[in-house]
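Right, one structure below, let's go through it.
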C-alpha cells in the first residue's frame, strides 16, 4: 500500500500540473498534448485502484481516439500553431474565483464526510475484476449498455449530418 | 489508501475544468476542459467502486467514457460548423441570441 501511495502522489502531481497547463497555455496544440498527460495519469490511477479494464479502455478511447479528434478539430479550424493571444476571455478572474470557491466547498464537504476512510483493500487487489465488470455489464446493466450503444450510433450519424458540407 | 485522496484529486481536476470552461473563448479548448471535468467524475466513480468493493463503479465509468466519446464527436462537429459559418471559433462572438 505504501508503494501505491507514493505512485499516487507522483502521478497526481503530474496530472494537476498538466491540467493547469491545459487551461492556461496560450498554444492550443500544447493544450491538447498536456491533456494527453492528464488522461494517461487518470488511466494510471485506475490501474492503481485495481480497475485495470477501465484503465485500458481509458487509454484506447481517450488517448487513442478523443485526442486524435481534438487534433483534427484544431487542424480543421486552422488554429495558429504557436502562441495565440485571445484564447482567454476577459472575465477569467471571475472564472478563477468561481473555481476556487467551488474547490473550497467540495474540499470541506469531502473531508467532513469521508475523513480518513480507507479503500477496500480486497477490491483493490482483486485480480479478476475484469470478469466481475463484464458480469455486471451483461447481466445487471444490459439495457443501459444497449442504450449507450444506440447513443453512440446516434452521435455518429448526428456528427456526420452536422459537419457535412451541403 | 484513503478514499479521500482520490476524491480530492477529482475535485481539483473538476475545478480546473470549470475554470477552463468559463475562462477560455476558443471552442476546442472549452471542449478539452469538459474532458477534464468528465475525467474527474470517472476518478470518483472508480474510487467509490473500490471503496464499496463492487465493480459497479467501473461499469458507470465505462458508460461515462462512451458518453464522453459521443459528446466530443458532436461537440467538435458543432465547433466546425461555427467555424465554417463565421470563420472563427471565438465563443464570445457567438451571441446571436443575445437580447
Exercise for the section: Pop a pseudo-label 7 angstrom from the Cα along the beta-carbon direction at both residue A:130 and residue A:153 and give the gap in nm to one decimal. Expected result: 2.7
Completion exercise
Counted neighbours (other Cβ, 10 Å), sorted fewest up, put A:63, A:10 in the order A:10, A:63
Exercise for the section: Quick one: among B:85, B:26, B:44, which has the greatest mean-square fluctuation in a GNM of chain B with alpha-carbon springs under 10 angstrom? Expected result: B:85
Completion exercise
With the 8 Å Cα cutoff and a minimum separation of six or more residues, chain A has a relative contact order in percent of 21
Problem - Convex hull per residue volume in Å³, alpha carbons only, for segment B:3-89 - result: 56
Problem - the protein assembly as shown: Cα Rg divided by the 2.2 N^0.38 Å rule of thumb - result: 1.04
Practice task
Could I get the Rg over Rh figure for segment A:1-94? Both from C-alpha atoms, Rh via Kirkwood, rounded to two places.
Solution key: 1.06
Completion exercise
Calculated from DSSP helices alone, with each H run of at least 4 adding -39500 (n - 2.57) and the total divided by the residues of chain A, [θ]222 nm to the nearest 500 comes to -23000 deg cm²/dmol
Completion exercise
Per-residue ellipticity at 222 nm attributable to helices in chain B (runs of n ≥ 4 DSSP H, -39500 (n - 2.57) apiece, nearest 500 deg cm²/dmol) works out to -28000 deg cm²/dmol
Practice task
Arrange the following residues from fewest to most other Cβ atoms within 10 Å of their Cβ: A:21, B:84.
Solution key: B:84, A:21
Problem - Nearest 10 degrees, 0 to 90: helix B:56-86 Cα axis against chain B principal axis - result: 10
Practice task
For a footprinting-style exposure proxy, rank B:36, A:29, B:81 by other Cβ within 10 Å, fewest first.
Solution key: B:81, A:29, B:36
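All of the numbers you see were taken from the coordinates with simple rules; none came from a lab. For clarity, every value in this text was computed on a predicted model and none was experimentally measured. Methodologically, a virtual Cβ is constructed for each residue, glycine included, from the backbone with ideal geometry; neighbour enumeration extends over all protein chains shown.
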